[in-house]
1. Could you name every one of the helices (runs of 4 or more DSSP H) located completely within segment 72-186 that has at least 3 residues being without any contact (Cβ under 8 Å) to a residue 24 or more places away in the chain?
2. If only one of T7, T79 is within 19 Å of L135 (Cβ to Cβ) and hydroxyl-bearing (S, T, Y), which one is it?
3. So which residues in segment 77-116 are among the β-branched types (V, I, T) and surrounded by fewer than 18 Cβ atoms within 10 Å (Cβ to Cβ), if there are any at all?
4. If D88 satisfies all but one of (1) among the charged types (D, E, K, R); (2) over 24 Å from L135 (Cα atoms); (3) in contact with a Leu (Cβ under 9 Å, 6 or more places away or on another chain), what's the number of the condition it fails?
5. So, of the residues in segment 29-71 that are assigned to a loop (DSSP other than H, G, I, E, B), among the hydrophobic types (A, V, I, L, M, F, W, C) and touching a Leu at 6+ places or on another chain (Cβ under 9 Å), which turns out to be farthest from T125 (Cα to Cα)?
6. Go through segment 121-140 and count every residue that is surrounded by 22 or more Cβ atoms within 10 Å (Cβ to Cβ) and among the small types (G, A, S).
7. Taking the stated definitions as given, is F11 buried (at least 18 other Cβ atoms within 10 Å of the Cβ), assigned to a loop (DSSP other than H, G, I, E, B) and at pLDDT below 95?
8. May I ask you to list pairs of residues, at least six apart or on different chains, whose Cβ atoms are under 6 Å apart, with the first in segment 13-31 being under 12 Å from T61 (Cα atoms) and the second being in a strand (DSSP E or B) and aliphatic (A, V, I, L, M)?
Amino acid sequence: MTLELMTDLGFKVRDTFKPDKNLDDFHSNGRKYDFPRLFHIEWVNTTDSGYAEVHAKRAYTLDNYTSQAYDAYTILIPTRFKDQSRDDPIMHECVHFLQHATREDERDHVHYDGKNYMIYVSQRTEFEAHMIQILYIVKTDQARLRKQLSPGQIQNLERMFLEYRNTHDKALGVNIIILCKNANLI
């Protein structure tokens with residue numbers, strides 16, 4: 001579903017990801033391709049940040065590809081989300097696995113420190129992950145959506161997504177994220 005939602009919003013999938021060919025895990029699979037994909041999701045009591053996190057044993061480049069590949073990619077999700085019947089943080093982290101990213105993207109990434117949310121979500125990689133997380137909730141968790149947003153806010157959110165699909169206006173997308181963050185949807 002992550003790939004579908006990324007396509008829906010026009011977000012670039014990394015060129016090193018092929019659903020039918022594993023270009024990841026080269027080093028962990030004895031320097032060979034097309035062995036099992038080493039991708040795991042783990043529920044944990046907590047993470048260092050208190051939020052969902054991703055860890056790769058190694059991120060590396062491949063000749064003739066612009067995106068990074070990963071070895072042994074693991075998503076850590078705090079169990080509090082499971083207790084809340086929320087799987088949308090998994091979708092957010094799956095976007096990070098699938099999206100185009102370079103060494104520069106990772107090197108220049110600004111982590112959320114509790115005060116820099118606008119800067120944090122304005123980064124392309126976080127912007128895309130947040131937008132997909134929200135779209136996933138809109139498409140799969142109407143009960144949560146109705147619990148957190150008023151009918152007017154839901155109507156506004158749907159209008160904003162429609163406009164975003166037509167314009168790809170990042171400022172509009174950031175407004176979608178802020179609306180949903182302020183409503184505790186994400």
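The values are calculated or read from the model by the stated rules, or taken from the named source; none is laboratory data. Not measured: the values here are computed from a predicted model. Note that we place each Cβ from the backbone using ideal geometry, even for glycine, and neighbour counts take in every protein chain shown.
1. Details: elements: 79-83, 88-98, 103-107, 117-122, 124-140, 142-148, 151-167, 170-182.
Filter on segment 72-186 gives 103-107, 124-140, 142-148, 151-167, 170-182.
2. Values: T79 fails: within 19 Å of L135 (Cβ to Cβ).
Just a single option satisfies the conditions, and that option is T7.
3. Looking only at segment 77-116, we keep the residues that are among the β-branched types (V, I, T), and these are 77, 79, 90, 95, 102, 110.
Once the filter is applied, which keeps residues that are among the β-branched types (V, I, T) and surrounded by fewer than 18 Cβ atoms within 10 Å (Cβ to Cβ), segment 77-116 yields T79, T102, V110.
4. Just one mismatch for D88, condition (2).
5. From segment 29-71, those assigned to a loop (DSSP other than H, G, I, E, B) are 29-38, 45-52, 61-68; that's our starting set.
Among the residues that remain, those that are also among the hydrophobic types (A, V, I, L, M, F, W, C) are: 35, 38, 52, 62.
Now narrow it down to the ones that are touching a Leu at 6+ places or on another chain (Cβ under 9 Å): 52, 62.
On the way: A52: 15, L62: 20 Å.
Among those residues, the one meeting the criterion is L62.
6. Selection size over segment 121-140: 1.
7. Numbers: buried (at least 18 other Cβ atoms within 10 Å of the Cβ): yes; assigned to a loop (DSSP other than H, G, I, E, B): yes; at pLDDT below 95: no.
Considered against the rule, which asks whether it is buried (at least 18 other Cβ atoms within 10 Å of the Cβ), assigned to a loop (DSSP other than H, G, I, E, B) and at pLDDT below 95, F11 comes out as no.
8. Once the first residue is under 12 Å from T61 (Cα atoms) and sits in segment 13-31, its partners that are in a strand (DSSP E or B) and aliphatic (A, V, I, L, M) give T16/A69; L23/A69; D24/A69.
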